[in-house]
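Worksheet: one structure, shown below.
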Amino acid sequence: MENYQQKYYPTILKGIHLVILYIFIQTLVDFPLALIDYYKDTEYLYNPIKKIVLGVGSVLFILIYGIKKSKEPVLDIFPFKLFNPLIFIPIIAFLWGAHNFLDLVNEWVAKVLPPPPWFWELFNKIFEGDYGFTGIFLKVAVIAPVVEELIFRGLIFNGFRKNYNGFVAVVMSALLFSLFHLNPWQMPATFVLGLLLGWLMLRTNNILAAIIGHSINNTLVLLAVSYYDQMHEHPIYLMERPKLLAFSAFIMGLSIILMYFTSIPWLRRNRKKS
């Protein structure tokens, strides 16, 4: 893949380097604090001030570093072309159906590679906020999508789609996005989400569309975790699994068609303006 005539930052190898650098910066602080918490029964790792300072600091560093390396205008790296907002309706439906299939995949992964207790502890910590449900929503459905999309569908995807064809750009950015989460139990879901968001960037050429799509996904996960019992009392979840999966497949297929058609007119208009 690195045999292309590459002129733009980042290439695949440089994209990997950027993700590793981002993880390294966070680990440099998190790992010592995790050890202190483990041996002294403290909670420095989850201190709100530490999370804000490290989160903002590491993201700003990566964005500034990447923008300087790219040497391109900021609006080229993070484009804001017009797009049809109706596309979010089929996106919601597609993600709902995809989550039903991913539940099955996650069960299979957990059987092959049972997650350790610490993983579930860390996973549950994601949905614990210092300011109740509002704090959790801001962290999961606002801050995380903005940060991750600026890096993955902004900096990284911008270079990938200029150095490679659209298929390679979408798949490789999704793979890096999946690997970034550093655990095999989240990788199927994050990979599928990465594919959808990469495709969405190709169709809309708008970083805001990717951020909103990511936010929708995280909101659905948050609601599923917070209201699991209530949701699974709904008649649709009382269906036998094969029927639920068949219905989900139908919804996903219909959603893909609708996503395609809701993005065509605006895509053509943007191309004429370019």
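Miscellaneous remarks
- Filter result for Leu195 (at pLDDT below 95, within 25 Å of Asn106 (Cα to Cα) and not acidic (Asp, Glu)): no
- The residue of the stretch 125-150 that is surrounded by the fewest Cβ atoms within 10 Å (Cβ to Cβ), among those that are acidic (Asp, Glu) and modelled with pLDDT of 90 or more, is Glu148.
- Spans of helices (runs of 4 or more DSSP H) in the stretch 185-262 with at least 1 residues within 23 Å of Ile156 (Cβ to Cβ) and in contact (Cβ under 8 Å) with a residue 40 or more places away in the chain: 187-204, 207-226
- Candidates in the stretch 1-32 are the residues that are assigned to a helix (DSSP H, G or I) and either more than 26 Å from the chain's Cα centre (by Cα) or acidic (Asp, Glu) (or both); of these, the one that is modelled with the lowest pLDDT is Asp30.
- Of all residues in the stretch 55-76, those that are in contact (Cβ under 8 Å) with a residue 24 or more places away in the chain and within 18 Å of the chain's Cα centre (by Cα) total 5.
- Scanning the stretch 138-168 for residues that are within 15 Å of the chain's Cα centre (by Cα), more than 17 Å from Val74 (Cβ to Cβ) and in contact (Cβ under 8 Å) with a residue 24 or more places away in the chain yields a count of 7.
Every residue, every condition in (1) of a type in the set (Phe, Trp, Tyr); (2) under 20 Å from Phe24 (Cα atoms), yes or no:
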position: Val168; (1), (2): no, no
position: Leu176; (1), (2): no, yes
position: Leu179; (1), (2): no, yes
position: Trp185; (1), (2): yes, no
position: Pro188; (1), (2): no, no
position: Leu195; (1), (2): no, no
position: Leu222; (1), (2): no, no
position: Ser226; (1), (2): no, no
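The values are calculated or read from the model by the stated rules, or taken from the named source; none is laboratory data. None of these values were measured; they are calculated from a predicted model. Every residue, glycine as well, gets a Cβ built from its backbone with ideal geometry; the counts of neighbours run over all protein chains shown.
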